[in-house]
Every structure is written in structure tokens, then in C-alpha cells.
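The structure appears below as C-alpha cells.
Read-outs: derived from the displayed coordinates by stated rules, not from any lab. What you are looking at is a predicted structure, and each value in this text was computed from that prediction instead of being measured. So basically every Cβ, Gly included, is an ideal-geometry build from the backbone, and we count neighbours across all protein chains shown.
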Amino acid sequence: SQEVETADHLLCTCSFTKQVWHSMFTVLGYQSPPPTADLSFLEWWLILRQDLSKYQKKGLDTAVMLISWMVWKERNARMFNNVERTLNHLLTDIIAEGGNWIQAGATKLAGIGW
């Protein structure tokens, strides 16, 4: 059965998105609780950042925005262009886009191991 597409589903509880979060946090060496259906995306995000320093929070916030943006773009490519990337292809693109963001001045992203 197809789940209702909400922002929380797309960014947090979709099985594909959960794989994205897990993989990206593994790459960054970040121990994170997985998203769960009983938490909204915002609640999960706040839990992720609760024990971090101010500097780390800025880096994590940037990473969350970047990954969310890339998941949104993937969703739109699937819905409107019938183009579907594999998980590994999307992860490669997310990492590359993070490099672009760092070059554009997102220095806190580099500070969390990007």
C-alpha cells in the first residue's frame, strides 16, 4: 500500500529516505537515532542536535538542509520526470553537492567531516 505523502513521510519515515539518512550519517561518522514514525521530522532533527556544540549544530543543520533538499529533488525527478536514481547514485550526488556548498561558504559543513 502506498503511504500518504507528507513532509514528515518524505523527509523522515519513507524507507528510501531512512536509508539515505543512515548512509550519510555513517559516512560522516555520526551516531544518530533513526527516524521513527512517532516523531515528526522537526522533532527528530531537534533530537539529533541536542547534545552537540553550537559549531556542530550549525554543521548538522546545514547537512540536514542539504540532504532534505536532495531528497526533495529526487522525489520531484521521480514524480515529474520518471527518472529514478539508485541509493548509491543519490548519495554520491549528495556528497558532491556538499562539496559545492562548502566551496560556496558552508564552512560548518566541512567542520562535521563532510
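The set of residues from the range 23-52 being closer than 21 Å to Trp101 by Cα and of a type in the set (S, T, N, Q) comprises Ser23, Thr26. Return yes or no: is Ser68 in contact (Cβ under 8 Å) with a residue 12 or more places away in the chain and closer than 15 Å to Ala7 by Cβ? Criteria met by Ser68.
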